[in-house]
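First comes the structure, then the notes that go with it.
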Amino acid sequence: MRALAALALLAALSGCGLQPMYAGGGSGAVAQGLAAIDVPPIEGRAGWLVRNALNERLGQRDDVAPRYRLDVLLDDQLEGLGLLTGETIGRERRTLRARYQLVDLSTGRIIVDATAGSDAGIDVVSSEFATIAAEQTALENLSREVADRIVTRVTVALREPA
């Protein structure tokens, strides 16, 4: 009975139109498209972190000529929240937003024009070193998260028929 139910479930799933995103593995169209994206340098420490995360996730290879360019503009904000007695800040919020465009190098056409962002809360403690370390860790985590969101959106765009 269970085997029959599992078989019926598989048949229903195959009829829904879902297809694997990375069909064909590393030699598939999406993986080849991602590997052919050039990410120019991005300004600032956050830019360096985001660019490294993007290059890592895109699976760039030296044997693939760039077909696309991913232009990224970042906005990194750190604001104090939660005032304590004596106007001391007790909490901070770090926000990292990215405006990005995927450009086809052969035609100059913009394939994707979107934004991605994330934020993190940081407790401000009595140790200045600990607070600075928490701010830096938050920036590193936000950079990876923003890069993930960008790659996901670009992947969907590359998968869609032209």
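Where a number appears in this text, it was derived from the coordinates with a stated rule and is not lab data. For clarity, every value in this text was computed on a predicted model and none was experimentally measured. Here the Cβ positions follow ideal geometry from the backbone for every residue, glycine too, while neighbour counts run over all protein chains shown.
Worth pointing out:
- Exposure proxy order (Cβ contacts within 10 Å, fewest to most) of 127, 143: 127, 143
- Only beta bridges with both residues in region 26-159 are counted; by DSSP, about 95 percent of them are antiparallel.
- Take every Cα pair under 8 Å whose residues are at least 6 apart in sequence, average their separation, divide by the length of region 26-159, and the relative contact order is 24 percent.
- Ascending count of other beta-carbon atoms within 10 Å, so fewest first, for 42, 89: 89, 42
- Against the empirical 2.2 N^0.38 Å (N residues), region 26-159 has a Cα radius of gyration ratio of 1.25.
- Segment residue 5..residue 107, full-extension length gain: 31.7 nm, with 0.36 nm per residue of separation and the alpha-carbon distance subtracted.
- Multiplying the residue separation of residue 125 and residue 88 by 0.36 nm and subtracting their alpha-carbon distance yields 12.3 nm.
- Region 86-144, relative contact order in percent, only Cα pairs under 8 angstrom and at least six apart counted: 36 percent
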